[in-house]
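Visitor: For reference, the structure I am asking about is given below.
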Amino acid sequence: MTRALAAPILSLLLTLSLTAAPASARTEPAIEDFAGPALKTIMGDPTWIGDTPRDPVWSADGRWIYYEVALEGRDERDLFRLDPTTGESTRVADDARHLVEPAGRGRARGGLQAFIREGDLFVRAEGETEARQLTRTDAIEHAPTVLVGGKAVAFRRGDALVVRELDGGLEFEPLRVVAAEDPADDELGDDFYSRQQARLFDVLKEKRQRRESRLAAETLRRAADPTRAPRPFYLGADVEILDLSMAPNLERGLAILQPANADEGRADQMPVWVTEDGYVEVQDLRPKVGTGDDIGHELVWFDLVTGQRRTLDLSELPGIADDPLADLRAAAELHRTADGPSDETQPGRTEPPAATGTDTASDDSAADDSVPTDGDEPAAAENTEAPDARPRPVTVDDLAWSDDGRIALSLHSLDNKDRWTVLVELDGSLRMIERLTNVDGWINWSFNEVGFLPDGRLWFLSEATDRSQLLLNDGRETRRLSADRGVVSRPRATADGAWIYYTANTLAAPYDFHVYRVAPDGGEPQQVTTLGGRIEGYALSPDDSRLMLLRSQITRPQEIYVQAAEPGAPALQLTDSVSEAFAAVDWVVPEIVEVPSSVHDRPVWARLYLPRDRSRLRGADGAIPAVVFVHGAGYLHNAHAGWSVYFREFMFHTWLAERGYAVLDMDYRGSAGYGADWRTAIYRRMGHPEVEDLADGVSFLADQHDVDAARVGVYGGSYGGFLTMMALFRQPGLFAAGAALRPVTDWAHYNHPYTSNILNTPQIDPEAYERSSPIEFAGGLQDPLLIAAPMLDDNVFFLDVVRLTQRLIELEKVDWWVALYPVEPHSFRRPSSWLDEYRRIGELFEETLRP
């Protein structure tokens, strides 16, 4: 760890801290005579809201539900046991936690369930009063699977798959893999000195012959002795073993590998300013997008009956040798040799740099991305074949085993353009189920799950028709099981395969999520839950007869409910965790509205908070001010009927509304919950479609809710901070002021997994980065801007703000401020920091949006 690197920017940080306050030094903005809580309460430790249940699970016998509750100001949680019939909840004593028996996550077979507790393996058989412990080791056992017949359990320990028989207790290793060279392949070195030694010295020849003889004899004895474990599979010293799994009938295995010591890219560094010894420390961070190698997966398939293995030939995947980015690579070469536009000559630039390549995205990204789902290869795009036709590297998104030893794989190309759903047959050959291609966008991070029914039919999720749907392949054809075209997620088949449960919203009400079920043998999907609000998650009981639900409402965090796993069955609320203090507040409940768009034919769904008393900040023309909140993550759904992950902002919006502001919280293009077209509308042009949607939000407020369009502020964090800057820089005057919290200012400095999906990489697509990064448009800043910057942010680095600060200084911009938070990561932890940040936001709006 080095300390010297931090010193050169110390003077800059001192300057920023002295300019951190955009308004007068008040403890709270002006108007305090309303019934809601003060900012200090809103931004306090979240436990003041109540004992919200977290991570609930069924017990192995289905008699209990276990859940955790966060403790104020601590990382630890309390564990509770809940009776699903009475709702009686009891805290589990710390010295009794080892008695907890959670239901196994894998399929139960033969009345047997397996689970891991504190790294050891346990099983519970139907009818037994308590679980049976099968291992007690310092090793970490994980991934337990009850084998076909229910007479044994397999699990992973290190780089071996272990089986424990229940009758007799025999433990054996049907598969062990080693990331090393096979000693039996001890070939003579090919360099001059090795050949010379072998030629000159008989003693070395004899030593080699004895070693080869011992290995051959050991191999024969091991193969002939059924009491010994099979010989390990040596995979080579140049690989890293990522995962190891086995069929539930013990006949097949699969290892997922990647190259060892691959270049992941040059890591950045972050100074830590407030330390225990008073000296600045420096921490290594993640690499920047595009700076590392393309690290794909290699799949090795094992026949555990014959002892054979093969590396799966992924070059058979249709389109795997195409290069969808060929045109962009050519344009990037032109870009490197051309003189690009400069902010020095265009200091007020608000439009993107002039393009030298092809911009494939349209305003509404309405291209049809659907593909056949029966293995038919779609027509290849023009100029997509790589010059040397090498297969593109791929990674595994998901895998599942059938009872008879077939493997379902969801494979993802590292250029984010293709996803293949594939079956690995019993002989190790590949059978295509679906190729999903999105050349003018990217394959989703989500909705790539696969699974088998007990009878061997394959189910999987696909965005081939825009919104994620549940599909079933019976070996002959693929058909859709879900019907409404809402977004389907979290599929879970019952043990008998009679039903597949899932959650989904609808086209008509994308804000409303329910649990559905569908019979794989035919029939329409059935809506199981009827609760309002939002179903955050669900779990079938071990016997598949009941649903444990996590349901939230706009003004209430998630609570636990239980109902029979039947359509329309009544749901019993088991927890009521909201504190009296929180429940006593008359929160402003937002209305979920459709904002008309000026650029596409779909509405932008949003939450709208309206003040109860419009007289507080009404201007002479009768209009009121407003604030537009921009949610983070980009791909996130916030205009829904449940509790928001932005719960502090929900409370802050009541705080604003009680002062006379309207607040609009929009699911701009790029948000989750609306399908692939909505998600990929921002491809290669982040900050452009979204700002169009924000502008339509301002028009909506002015046209329909008496808002003064000249007195609208904007704020948001992370991606919301990025969009705040893009709006202020690219469209001056759209907002009267903005607060950008922990903002991305230059996408070329963000991480690879997220950014490369949307903008490719700076090396391949530099124009997309110039077109999408606020620092390129800083010359357009005219309106007041507050930047809140956590200095220990290992997600959006503090470096982003430092670089933008220097840019604004050189552009001689005024009316902008930076507030520093020296001990905070990307998401603040300390209530005092939350309070300081939102006090400054409130002061900014009070100063700039009042009549």
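The values are calculated or read from the model by the stated rules, or taken from the named source; none is laboratory data. Fair warning: this is a prediction, and the values are worked out from it, not measured in the lab. Counting neighbours? That spans all protein chains shown, and the Cβs are built from the backbone with ideal geometry, glycine included. The protein model used for the area step is the full one, side chains on, heavy atoms only, and it has no ligands, DNA or RNA in it. Shrake-Rupley method; radii C 1.70, N 1.55, O 1.52, S 1.80 Å.
Visitor: Could you look through segment 491-508, keep only residues that are under 19 Å from residue 534 (Cα atoms), in a loop (DSSP other than H, G, I, E, B) and in contact with a strand residue (DSSP E or B) (Cβ under 9 Å, 6 or more places away or on another chain), and pick out the one that is modelled with the highest pLDDT?
Guide: 505
Visitor: Let me ask something else about it. All but one of (1) of a type outside the set (D, E, K, R); (2) surrounded by fewer than 20 Cβ atoms within 10 Å (Cβ to Cβ); (3) in a loop (DSSP other than H, G, I, E, B) hold for residue 52; state the number of the condition that does not hold.
Guide: Unmet for residue 52, out of (1) of a type outside the set (D, E, K, R); (2) surrounded by fewer than 20 Cβ atoms within 10 Å (Cβ to Cβ); (3) in a loop (DSSP other than H, G, I, E, B): (2).
Visitor: If you scan segment 305-338, which residues turn out to be assigned to a loop (DSSP other than H, G, I, E, B) and in contact with a Leu (Cβ under 6 Å, 6 or more places away or on another chain)?
Guide: 312
Visitor: While we're here: Inside segment 549-559, can you point out the residues that are open to solvent by less than 30 Å² (accessible area, probe 1.4 Å), in contact with a Gly (Cβ under 9 Å, 6 or more places away or on another chain), of a type outside the set (Ser, Thr, Tyr) and not in a loop (DSSP other than H, G, I, E, B)?
Guide: 549, 550, 557
Visitor: Go through segment 193-248 and give me each residue that's among the polar types (S, T, N, Q) and at positive phi.
Guide: Scanning segment 193-248 gives no hits.
Visitor: For segment 812-825, name all the residues that are surrounded by fewer than 16 Cβ atoms within 10 Å (Cβ to Cβ) and either of a type outside the set (A, V, I, L, M) or touching a helix residue (DSSP H, G or I) at 6+ places or on another chain (Cβ under 6 Å) (or both).
Guide: 812, 815, 825, listed by residue number.
Visitor: Another question, then. Among (1) part of a helix (DSSP H, G or I); (2) within 21 Å of residue 716 (Cα to Cα); (3) not hydroxyl-bearing (Ser, Thr, Tyr), where does residue 786 come up short?
Guide: Going through (1) part of a helix (DSSP H, G or I); (2) within 21 Å of residue 716 (Cα to Cα); (3) not hydroxyl-bearing (Ser, Thr, Tyr) one by one, residue 786 breaks only (1).
Visitor: Could you list, in sequence order, the residues of segment 515-531 that are more than 27 Å from residue 474 (Cβ to Cβ) and open to solvent by 10 Å² or more (accessible area, probe 1.4 Å)?
Guide: 530, 531
Visitor: So which of 60, 108, 103 ends up being of a type outside the set (Ser, Thr, Tyr) and at pLDDT 85 or above?
Guide: Just a single option satisfies the conditions, and that option is 60.
Visitor: Residues in segment 444-465: is at least one within 22 Å of residue 544 (Cα to Cα), of a type in the set (Lys, Arg), out of contact with any Ser or Thr (no Cβ under 7 Å at 6 or more places or on another chain) and touching a residue at least 24 places away in the same chain (Cβ under 8 Å)?
Guide: Yes, there is a match, as at least one residue in segment 444-465 is within 22 Å of residue 544 (Cα to Cα), of a type in the set (Lys, Arg), out of contact with any Ser or Thr (no Cβ under 7 Å at 6 or more places or on another chain) and touching a residue at least 24 places away in the same chain (Cβ under 8 Å).
Visitor: Can you list the strands (runs of 3 or more DSSP E) found entirely within segment 223-288 that contain at least 3 residues being within 17 Å of residue 311 (Cα to Cα) and in contact (Cβ under 8 Å) with a residue 60 or more places away in the chain?
Guide: Where strands (runs of 3 or more DSSP E) fall fully within segment 223-288 and carry at least 3 residues being within 17 Å of residue 311 (Cα to Cα) and in contact (Cβ under 8 Å) with a residue 60 or more places away in the chain, they are 239-246, 252-259.
Visitor: When segment 719-776 is examined, which residues are found to be aromatic (Phe, Trp, Tyr), under 29 Å from residue 324 (Cα atoms) and in contact with a strand residue (DSSP E or B) (Cβ under 8 Å, 6 or more places away or on another chain)?
Guide: Matches in segment 719-776: 719, 722.
Visitor: Those residues that are part of a loop (DSSP other than H, G, I, E, B), surrounded by 11 or more Cβ atoms within 10 Å (Cβ to Cβ) and modelled with pLDDT of 55 or more, I need them from segment 376-398; list them, please.
Guide: Correct list: 389, 390, 391, 392, 393.
Visitor: Same structure again: Provide a single number: the residues in segment 206-230 that are open to solvent by less than 100 Å² (accessible area, probe 1.4 Å) and either β-branched (Val, Ile, Thr) or at pLDDT below 85 (or both).
Guide: Of the residues in segment 206-230, 16 are open to solvent by less than 100 Å² (accessible area, probe 1.4 Å) and either β-branched (Val, Ile, Thr) or at pLDDT below 85 (or both).
Visitor: Same structure, new question: Name the pairs whose Cβ atoms lie under 8 Å apart, with the first residue in segment 714-725 and touching a residue at least 40 places away in the same chain (Cβ under 8 Å) and on the phi > 0 side of the Ramachandran plot, the second open to solvent by 10 Å² or more (accessible area, probe 1.4 Å) and not aliphatic (A, V, I, L, M), and 6 or more positions between them or separate chains?
Guide: Sorted first by the residue in segment 714-725, then by its partner, the pairs are 718/742; 718/795; 718/826.
Visitor: Name every residue in segment 95-131 that is over 16 Å from residue 154 (Cβ atoms) and among the charged types (D, E, K, R), in order of residue number.
Guide: The answer is 95, 97, 101, 117, 118, 124, 126, 128, 130.
Visitor: Next question, about the same structure. Which pairs do you get when a residue that is hydrophobic (A, V, I, L, M, F, W, C), found in segment 794-815, comes within reach of a residue that is at pLDDT below 95 and assigned to a helix (DSSP H, G or I), reach meaning Cβ atoms under 7 angstrom, with the pair 6+ apart or on two chains?
Guide: 802/9; 802/12
Visitor: Looking only at segment 638-669, how many residues end up being out of contact with any helix residue (DSSP H, G or I) (no Cβ under 6 Å at 6 or more places or on another chain), touching a residue at least 60 places away in the same chain (Cβ under 8 Å) and part of a loop (DSSP other than H, G, I, E, B)?
Guide: 9
Visitor: Looking at the structure I just gave you, is residue 175 in a strand (DSSP E or B), closer than 24 Å to residue 399 by Cα, open to solvent by less than 70 Å² (accessible area, probe 1.4 Å) and touching a His at 6+ places or on another chain (Cβ under 8 Å)?
Guide: no
Visitor: Of 840, 829, which residue is outside any loop (DSSP other than H, G, I, E, B) and open to solvent by 30 Å² or more (accessible area, probe 1.4 Å)?
Guide: Result of the check over 840, 829: 840.
Visitor: Could you tell me whether segment 771-780 includes any residue that is open to solvent by 10 Å² or more (accessible area, probe 1.4 Å), charged (D, E, K, R), over 21 Å from residue 693 (Cβ atoms) and more than 21 Å from the chain's Cα centre (by Cα)?
Guide: Within segment 771-780, not a single residue is open to solvent by 10 Å² or more (accessible area, probe 1.4 Å), charged (D, E, K, R), over 21 Å from residue 693 (Cβ atoms) and more than 21 Å from the chain's Cα centre (by Cα).
Visitor: While we're here: Restricting to segment 274-286, and then to whatever is over 30 Å from the mean Cα position of the chain (by Cα) and hydrophobic (A, V, I, L, M, F, W, C), can you tell me which residue is most open to solvent (accessible area, probe 1.4 Å)?
Guide: Per the stated criteria, the residue is 274.
Visitor: Give 645, 663 a once-over and let me know the one that is surrounded by fewer than 24 Cβ atoms within 10 Å (Cβ to Cβ) and of a type in the set (A, V, I, L, M).
Guide: 645
Visitor: Are any of the residues in segment 743-757 crowded, with 21+ Cβ neighbours inside 10 Å, without any contact (Cβ under 8 Å) to a residue 60 or more places away in the chain and not in a loop (DSSP other than H, G, I, E, B)?
Guide: no
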